[in-house]
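The values are calculated or read from the model by the stated rules, or taken from the named source; none is laboratory data. Computed from a predicted structure; not experimentally measured. Cβ coordinates were reconstructed from backbone atoms using ideal geometry, including for glycine residues, and neighbour counts include every protein chain displayed.
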C-alpha cells in the first residue's frame, strides 16, 4: 500500500510540473476547404470544410476537417514552403501534388479529418506558404473532386490554391 501511495504521489508531482511547463497554444487560423469542379459552363466551388493551422514552439499543426458529411477525403497532399516558388509546380505553374512533402491515404470509404504535425526545424522566417489538397468523394453523387484550402491561385491552374500562415510567437504564461 505504501509503495502504491508513493507511486501515486510521484505521478501527481510529475503531472503538476508537466502542466506548468506546457506552452500556451495559439488559436488556430482557418481557411475554407473548397471542392472544385470544372464544368463546360463555369467552375463550381463548394465549401465542404476547413483547414486549420496553428503552431507551438516546435511544431506546426495542420488539420483538414470536413463539415459537409456528404463528402469524404480519400487522399490528402500537403506542402509547406518558405515561398510559393518552393511548392512543386510544372513550368506552367500547375501544382504537382505527387511531389508534395506530406501525403495521407484513407481506406474504407474515406475520412472526415486528418492532421499533420510538422517539425519547424529547418523553417527559417515566420511566413509559410501552404498548399493543402484533398481528393474527395461525394457519397450521394459518387463524384470524385479535388479540394483545395482557399487562398491565392497558382499561376497556371484553375482552382488550385495556396495560402500563407505567419508563425505565432508562443509566450509562457
- Task: State all residues of region 141-156 that are exposed (fewer than 15 other Cβ atoms within 10 Å of the Cβ) and either outside any strand (DSSP E or B) or out of contact with any strand residue (DSSP E or B) (no Cβ under 7 Å at 6 or more places or on another chain) (or both); if no residue qualifies, say none.
- Result: 141, 142, 143, 155, 156
- Residue check, residue 87 against (1) within 12 Å of the chain's Cα centre (by Cα); (2) in contact (Cβ under 8 Å) with a residue 60 or more places away in the chain; (3) buried (at least 19 other Cβ atoms within 10 Å of the Cβ), all met but one. Which one? (1)
- Among the residues of region 163-172, is there at least one that is over 20 Å from residue 28 (Cβ atoms) and surrounded by 12 or more Cβ atoms within 10 Å (Cβ to Cβ)? no
- Query: Since residue 159 meets every condition but one in (1) under 18 Å from the mean Cα position of the chain (by Cα); (2) assigned to a strand (DSSP E or B), which condition does it not meet?
  - Reply: (2)
- Query: Do we find a residue being closer than 23 Å to residue 30 by Cβ, assigned to a loop (DSSP other than H, G, I, E, B) and modelled with pLDDT under 95 anywhere in region 99-108?
  - Reply: yes
- Task: Taking the residues in region 118-140 that are closer than 21 Å to residue 164 by Cα and exposed (fewer than 12 other Cβ atoms within 10 Å of the Cβ) as candidates, determine which candidate is nearest to the chain's Cα centre (by Cα).
- Result: 119
